[in-house]
Amino acid sequence: MTLKNYDIQRISSQNHKIKFKNKIYNVQRRNSAIFFDRDGVLIDDMHYISDPKDVKILSGVKELLKKSKNEGYLNIVISNQSGISRGLLNWNDYLKVNSQMIKLLGNESYIDAIYANSNSPNEIFSEDSWRKPSPNMILEAVSEFNIDLEKSFLIGDRFSDLLSAKNAGLRKFVHVLTGHGEKEREIILTNFREDYESNKLIVLDNLSGLELNLIFEN
């Protein structure tokens, strides 16, 4: 399975990277980025999705990705894919799902890179594992794309998404109710109370309500 305009690289048996190759990135200057969880944020969470027929783009996603590119952001996906370690899908299934997602978005350049980790939460893994809440997928992208964490933020539906953002040093993060968001909102507001009160954490129903110009207003 290939994505013709992307470089695909297995970093290790657990870590995987896809990078859009038809764009020259300016690594001489600091870039702003939006980090997205995939399942439950960009596409409907189908619980270990493996069939591209099940891919459904969520409300507001296309519009936000277009707007973010127009405003100079890199769109970078970071995704835990423990279904691979559990034997519920393989890396080829994962690629097919990403290929369908990119096809449905209608413009390949909307997604600059996709990082994924297949460790199960029940595994014992090292400190350099990419599995969220580790910040290592974010930090890998920061190094590769020369990203300014002060001008970047993450959008996620799970506590582990937001914790990875905080662990990486991002100033801002957005929580949505799509995917697992509804059942995780309470734990997020409890653990990120100070961030919420200081406007570092923004809570939304879905991405249709996100105004990029307001993210760094405070």
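The values are calculated or read from the model by the stated rules, or taken from the named source; none is laboratory data. Predicted model, so just to flag it, every value in this text is computed and none were measured. For neighbour counting, all protein chains shown are included, and Cβ atoms are generated from backbone atoms with ideal geometry for every residue, glycine included.
Taking the criterion of being part of a helix (DSSP H, G or I) and among the aliphatic types (A, V, I, L, M), the residues of the stretch 201-218 that qualify are Leu207, Leu212, Leu214.
Residue-by-condition table, conditions (1) in contact with a Lys or Arg (Cβ under 9 Å, 6 or more places away or on another chain); (2) under 26 Å from Pro121 (Cβ atoms); (3) of a type in the set (Ser, Thr, Tyr); (4) part of a loop (DSSP other than H, G, I, E, B):
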site: Arg29; (1), (2), (3), (4): no, no, no, yes
site: Ser32; (1), (2), (3), (4): yes, no, yes, no
site: Ser50; (1), (2), (3), (4): yes, yes, yes, yes
site: Lys62; (1), (2), (3), (4): no, no, no, no
site: Lys66; (1), (2), (3), (4): no, no, no, no
site: Leu74; (1), (2), (3), (4): no, no, no, no
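Considering the stretch 76-93, the residues that are in a loop (DSSP other than H, G, I, E, B) and out of contact with any strand residue (DSSP E or B) (no Cβ under 9 Å at 6 or more places or on another chain) include one that is surrounded by the most Cβ atoms within 10 Å (Cβ to Cβ), namely Leu89.
Just one of the listed residues (Ser120, Ser160, Ser126, Ser152) is over 16 Å from Leu42 (Cβ atoms) and either of a type in the set (D, E, K, R) or buried (at least 23 other Cβ atoms within 10 Å of the Cβ) (or both), namely Ser152. Selection over the stretch 96-122 of residues that are part of a helix (DSSP H, G or I) and either farther than 17 Å from Asn80 by Cβ or aliphatic (A, V, I, L, M) (or both) gives a count of 12. Scanning the stretch 190-200 for residues that are exposed (fewer than 15 other Cβ atoms within 10 Å of the Cβ) and assigned to a helix (DSSP H, G or I) yields Thr190, Arg193, Glu194, Glu197.
The rows are residues; the columns are (1) closer than 22 Å to His180 by Cβ; (2) within 16 Å of the chain's Cα centre (by Cα); (3) not hydroxyl-bearing (Ser, Thr, Tyr).
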{"residue": "Asp37", "(1), (2), (3)": "yes, yes, yes"}
{"residue": "Leu58", "(1), (2), (3)": "yes, yes, yes"}
{"residue": "Leu64", "(1), (2), (3)": "yes, yes, yes"}
{"residue": "Ile102", "(1), (2), (3)": "no, yes, yes"}
{"residue": "Asn107", "(1), (2), (3)": "no, no, yes"}
{"residue": "Glu123", "(1), (2), (3)": "yes, no, yes"}
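One residue stands out among those in the stretch 127-149 that are closer than 22 Å to Ile188 by Cβ and of a type in the set (D, E, K, R): the one that is nearest to the chain's Cα centre (by Cα), which is Lys132. With respect to (1) in contact with a Lys or Arg (Cβ under 9 Å, 6 or more places away or on another chain); (2) not in a loop (DSSP other than H, G, I, E, B), the lone exception for Phe125 is condition (2). Checked against (1) surrounded by fewer than 19 Cβ atoms within 10 Å (Cβ to Cβ); (2) in contact with a helix residue (DSSP H, G or I) (Cβ under 7 Å, 6 or more places away or on another chain); (3) modelled with pLDDT of 95 or more, Leu104 meets all criteria but (2).
Taking the criterion of being assigned to a loop (DSSP other than H, G, I, E, B) and basic (Lys, Arg), the residues of the stretch 140-174 that qualify are Arg158, Arg171.
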